[in-house]
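Asks: Pasting a structure here, questions to come.
The values are calculated or read from the model by the stated rules, or taken from the named source; none is laboratory data. Values in this document were obtained by computation on a predicted structure and should not be read as measured data. A quick note on method: Cβ atoms are made from the backbone with ideal geometry, for glycine too, and the neighbour counts reach across all protein chains shown. Note: areas computed on protein heavy atoms with side chains; ligands, DNA, RNA excluded. Shrake-Rupley method; radii C 1.70, N 1.55, O 1.52, S 1.80 Å.
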Amino acid sequence: MISTIAPKTAFICGTPLQILGCIDLVFHQMETDGSKPDLYLRHDFNGSGELAQRLAIADIFDNVFQIGVPNGKPFSIRGNESDTLPERPLNLLCQQIGEAYSDFTQSYTKLVFTYPYDTVKALYCLNPHAKIVTFEDGIGSYFGDILTANGGALLPHPQKLYLWDAHMYTGNLIGDVRSLPSMASDPAMQLIVAEIFNITAQSLAPYKGKRCVYLTQPIDGKPERKQELRETVAALKPWRAITVIRRHPRDNSPEMPDFTYDCENAQWELLCLSGIVDSTSVLVSSISTAQLSPKLLHDSEPTLIFTACLNGRAATQGELSVIDTIRHAYRDGSKIIVPRTNNEFCTALARSLA
């Protein structure tokens, strides 16, 4: 049975990026109140089962509670996104984790998370006096209010928000925004996370000799996304010898012939820290958190080409705000490119890669 003597912190994560930020906080003993925290890991992504095993071996958490079936039928990606709290929070957690009721008598002084999963809401209902702390969840954390916009309106206002680059924050979630410790200047932590995320020479191999990375987006049955994929690949074809395609976890489109694909799917942020991207690189995507990672993690400024507005497609105001904020964060704003036509796209690639 789990110890219930000392209150402590619970981290709740459902993506590799969230787990990376969580490890950063725990490694530097931030928001842990001097004791090993618990981790609630939602199996929402490929390889989550193996990652959970490596996290347990690393022994940086007191308990690693696994929610959903690893590498099996997809678990609910986000959980209940409505502005409600679970009527029977203990039942919900027991259903998700499969533990006996008595195993949930641990009290928490803090709940630390990035997104208002139903797991978060259940833990809050059982620990109504716990302090709320949030941290990096990619582009969505830098704009607006990621909690209220995704069903978290009934949760208490967070006390702090930790981001890779606090200076880029333009949202209205909170005023106390702090920077996560830099991994780029912490070799000891880099070694630990490389082992946890299984970064090897094989993980880096697809990027050897490549200057351009195409970061795809999930098709999700949308014809306009299929069209964008076709147009992007066609424009990249002359540069295929120096291009690698990295698929989004939910991109199930067929591979294009003559292109190199990253089939290892190692943690992108750690690949960036390993040197696969520098100021001469070009990252192409509709609009992706991954494009921003080199700037956030080690202040590198590759050329970013956003295809969200290609050939008459209308980007949302939120997407345009993201792009504008990134442009202002760059020392050289001309490296942020938003082509409107295929000709502009091909010209931008030629100027950036020639």
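Asks: Anything in segment 312-354 that is part of a helix (DSSP H, G or I), modelled with pLDDT of 90 or more and either hydroxyl-bearing (Ser, Thr, Tyr) or open to solvent by 30 Å² or more (accessible area, probe 1.4 Å) (or both)? List them, or say none.
Replies: Of everything in segment 312-354, those that are part of a helix (DSSP H, G or I), modelled with pLDDT of 90 or more and either hydroxyl-bearing (Ser, Thr, Tyr) or open to solvent by 30 Å² or more (accessible area, probe 1.4 Å) (or both) turn out to be 327, 334, 335, 342, 343, 344, 346, 347, 350, 351, 352.
Asks: Quick one: residue 240 ticks every box in (1) of a type outside the set (S, T, N, Q); (2) within 23 Å of residue 139 (Cβ to Cβ); (3) modelled with pLDDT of 95 or more except a single one, so which number is it?
Replies: Result: residue 240 passes all but (2).
Asks: Right, next: Just for segment 235-261: of the residues that are touching a residue at least 12 places away in the same chain (Cβ under 8 Å) and of a type in the set (A, V, I, L, M), which one is surrounded by the fewest Cβ atoms within 10 Å (Cβ to Cβ)?
Replies: 242
Asks: Could we say that residue 293 is over 18 Å from residue 229 (Cβ atoms), surrounded by 20 or more Cβ atoms within 10 Å (Cβ to Cβ) and over 20 Å from the mean Cα position of the chain (by Cα) here?
Replies: no
Asks: Could you pull out every one of the helices (runs of 4 or more DSSP H) wholly within segment 219-306 that has 1 or more residues that are under 26 Å from residue 179 (Cα atoms) and not β-branched (Val, Ile, Thr)?
Replies: 268-273, 289-298
Asks: Let me ask something else. Right, residue 91: of a type outside the set (Gly, Ala, Ser), at pLDDT below 95 and part of a helix (DSSP H, G or I) or not?
Replies: Yes: the conditions hold for residue 91.
Asks: Got a sec? Which of 313, 340, 327 is under 22 Å from the mean Cα position of the chain (by Cα), over 21 Å from residue 211 (Cβ atoms) and not hydrophobic (A, V, I, L, M, F, W, C)?
Replies: The conditions single out 327.
Asks: Considering only segment 267-286, state which residues are polar (S, T, N, Q), in contact with a helix residue (DSSP H, G or I) (Cβ under 7 Å, 6 or more places away or on another chain) and surrounded by 21 or more Cβ atoms within 10 Å (Cβ to Cβ).
Replies: Matches in segment 267-286: 267, 285, 286.
Asks: If you check residue 73 against the conditions, is it basic (Lys, Arg), more than 19 Å from the chain's Cα centre (by Cα), open to solvent by 20 Å² or more (accessible area, probe 1.4 Å) and modelled with pLDDT under 80?
Replies: Yes, satisfied.
Asks: Checking the condition surrounded by fewer than 18 Cβ atoms within 10 Å (Cβ to Cβ), touching a Ser or Thr at 6+ places or on another chain (Cβ under 7 Å) and among the aliphatic types (A, V, I, L, M), which residue from 153, 166, 149, 184 passes?
Replies: 166
Asks: What pairs can you find where one residue is in segment 43-58 and within 13 Å of residue 20 (Cα to Cα) and of a type in the set (A, V, I, L, M, F, W, C), the other is at pLDDT 90 or above and open to solvent by less than 70 Å² (accessible area, probe 1.4 Å), and their Cβ atoms are less than 6 Å apart, with a gap of 6+ or different chains?
Replies: 52/41; 52/64; 55/64
A quick yes/no check of all residues on (1) modelled with pLDDT of 95 or more; (2) open to solvent by 40 Å² or more (accessible area, probe 1.4 Å); (3) under 22 Å from residue 269 (Cβ atoms); (4) in a helix (DSSP H, G or I):
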position	(1), (2), (3), (4)
23	yes, no, yes, yes
29	no, yes, yes, no
34	no, yes, no, no
46	no, yes, yes, no
49	no, no, yes, yes
53	no, yes, yes, yes
57	no, yes, yes, yes
64	no, no, yes, no
69	no, yes, no, no
